[in-house]
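One structure is given below, encoded as structure tokens.
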Amino acid sequence: MFYREAGQFKSSYQTDGQIFPIRQDRIGIALLIVLAFIVVPITATPYFFSAILIPFLIFSLAALGLNILTGYAGQLSLGSAAFMAVGAFSTYNFVLRVPGIPLLVAFILGGLCAAAVGIVFGLPSLRVRGFYLAASTLATQFFVVSALTKVRWFTNYSSSGVITAQKMQILGIDFDTPPAKYLLVLSIVATLALLAKNLVRSNVGRCWMAVRDMDVAAEVIGIRLMRTKLLAFAISSFYCGVAGALYAYAYLGTVEPEAYNLDLSFRILFMVIIGGLGSILGSFLGAAFIVLLPVLLNTLAHAANISTAVASNLELMVFGALIIFFLIVEPHGLARLWQIAKEKLRLWPFPH
């Protein structure tokens, strides 16, 4: 009875079109923001920042980028890690070769470079779809990693191929402590998530969903397939590129091609599947699940005196089983379960 719309009237189109039209949702989001920006930096430990919160936010941003492409536009991609690598190496080279460039500008330029690569490798989507498109984006993964490994200019001619990321400094403020890195990553992710939420509710988002549902019908009603699909690839790659730059600077501390391997692409895809296709919230839920599950399994394995090798294999088995479970039982993932819970809560305590 606390989650009810009764008495909440809308007197204008703008009011009715709010991102969170229900008052309880707005209060909940406000409390979540206060918790994330004020309470967590004061109470969390350095391990919690470095091992859980920062990777969770970065993977959420990468999953959000893939969800825009796959969940909203219906274009299957297996090259998310490649676009993350482009963003990371582009940011590194901008900071290295352009003296005095602000770090945030370098992040944006790194994302734009990833968007340009995404447009190039998104061109096959105009001719192929489904598993054939997945195969073409899989080629992106191998091509980008191979190029970053072979062309030594990208790594500033490093002998090992592993380079240390530059110091994160914005407006003279050093972001070298775990709480500072967390607040920077949180601010960027929250801003981009809000932009994505508004984008999918706009005319562009409706065009994406029309193409996803039936591209032939979408073209008949006047939607330009080429522009719509390539825009989805560009924006998705931009989000993945920014996530890759944050992954290198705020989490790893190094820029190396092997960090953006095929396994990372599949993990991001698993986040989208488990969290929920076509859902902004699902990207965060899926990332939280993938980040927290290994920690939980390692804790249980340590308590039960299970070897690390067995725990690692158990983690892969659980991932596979959960993906099959969600594909069969609830294809829309954790976001759909959360939506069902909210619908039941709105009718409680009456029968439904």
All but one of (1) under 20 Å from the mean Cα position of the chain (by Cα); (2) open to solvent by 70 Å² or more (accessible area, probe 1.4 Å) hold for N305; which doesn't? (1)
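So that you can scan it fast, the table gives a plain yes or no per residue for (1) open to solvent by 60 Å² or more (accessible area, probe 1.4 Å); (2) among the polar types (S, T, N, Q):
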position: G74; (1), (2): no, no
position: G79; (1), (2): no, no
position: G87; (1), (2): no, no
position: T91; (1), (2): no, yes
position: P99; (1), (2): yes, no
position: F107; (1), (2): no, no
position: G110; (1), (2): no, no
position: C113; (1), (2): no, no
position: G118; (1), (2): no, no
Among (1) crowded, with 24+ Cβ neighbours inside 10 Å; (2) more than 18 Å from V242 (Cα to Cα), there is one condition S136 misses while meeting the rest; what is its number? (1)
Considering the stretch 124-144 alone, what residues qualify as being outside any helix (DSSP H, G or I) and over 22 Å from the mean Cα position of the chain (by Cα)? R127, V128, R129
Across the stretch 1-11, which residue is modelled with the highest pLDDT among those that are open to solvent by 60 Å² or more (accessible area, probe 1.4 Å) and either among the hydrophobic types (A, V, I, L, M, F, W, C) or at positive phi (or both)? F9
Counted residues, the stretch 216-243 - those being open to solvent by 20 Å² or more (accessible area, probe 1.4 Å) and touching a residue at least 40 places away in the same chain (Cβ under 8 Å): 5
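Does the stretch 251-266 hold any residues that are of a type in the set (A, V, I, L, M, F, W, C) and surrounded by 24 or more Cβ atoms within 10 Å (Cβ to Cβ), and which are they?
Result: V255, single match.
Based on this model, can you work out whether L133 counts as within 20 Å of A62 (Cβ to Cβ) and modelled with pLDDT under 85?
Here the answer is yes, as L133 does meet what is asked.
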Would you be able to tell me the number of residues in the stretch 140-181 that are out of contact with any helix residue (DSSP H, G or I) (no Cβ under 8 Å at 6 or more places or on another chain) and open to solvent by less than 50 Å² (accessible area, probe 1.4 Å)? 1
Any idea which of L269, L246 is more than 20 Å from A147 (Cβ to Cβ), open to solvent by less than 10 Å² (accessible area, probe 1.4 Å) and in a helix (DSSP H, G or I)? L246
Of the residues in the stretch 45-91, those that are assigned to a helix (DSSP H, G or I) and of a type in the set (S, T, Y) come to Y47, S50, S60, T70, Y72, S80, S90, T91
Say we look at the stretch 29-69 and pick out the residues that are touching a helix residue (DSSP H, G or I) at 6+ places or on another chain (Cβ under 6 Å) and among the polar types (S, T, N, Q); which of these is farthest from A135 (Cα to Cα)? S50
Please go through (1) part of a helix (DSSP H, G or I); (2) open to solvent by 10 Å² or more (accessible area, probe 1.4 Å); (3) closer than 30 Å to V145 by Cβ for A311 and return the number of the only condition it doesn't satisfy. (2)
Residue by residue through the stretch 12-41, note down the ones that are exposed (fewer than 11 other Cβ atoms within 10 Å of the Cβ) and hydroxyl-bearing (S, T, Y). S12, Y13
Unique match (being buried (at least 16 other Cβ atoms within 10 Å of the Cβ), part of a helix (DSSP H, G or I) and of a type in the set (A, V, I, L, M)) among V291, V295: V291
What do you reckon, is M209 among the aliphatic types (A, V, I, L, M) and buried (at least 23 other Cβ atoms within 10 Å of the Cβ)? no
Condition met for K229 (assigned to a helix (DSSP H, G or I) and more than 27 Å from Y182 (Cα to Cα)): yes
Of all residues in the stretch 182-191, which are closer than 15 Å to I235 by Cα and either open to solvent by 20 Å² or more (accessible area, probe 1.4 Å) or not in a helix (DSSP H, G or I) (or both)? T191
Going through the stretch 236-255 one residue at a time, which ones are more than 19 Å from G122 (Cα to Cα) and β-branched (V, I, T)? T254, V255
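The values are calculated or read from the model by the stated rules, or taken from the named source; none is laboratory data. Predicted model only: the values in this text are computed from it and were never measured. Counting neighbours? That spans all protein chains shown, and the Cβs are built from the backbone with ideal geometry, glycine included. Note: accessible area is taken over every heavy atom of the protein model, side chains too, but ligands, DNA and RNA are not part of it. Shrake-Rupley method; radii C 1.70, N 1.55, O 1.52, S 1.80 Å.
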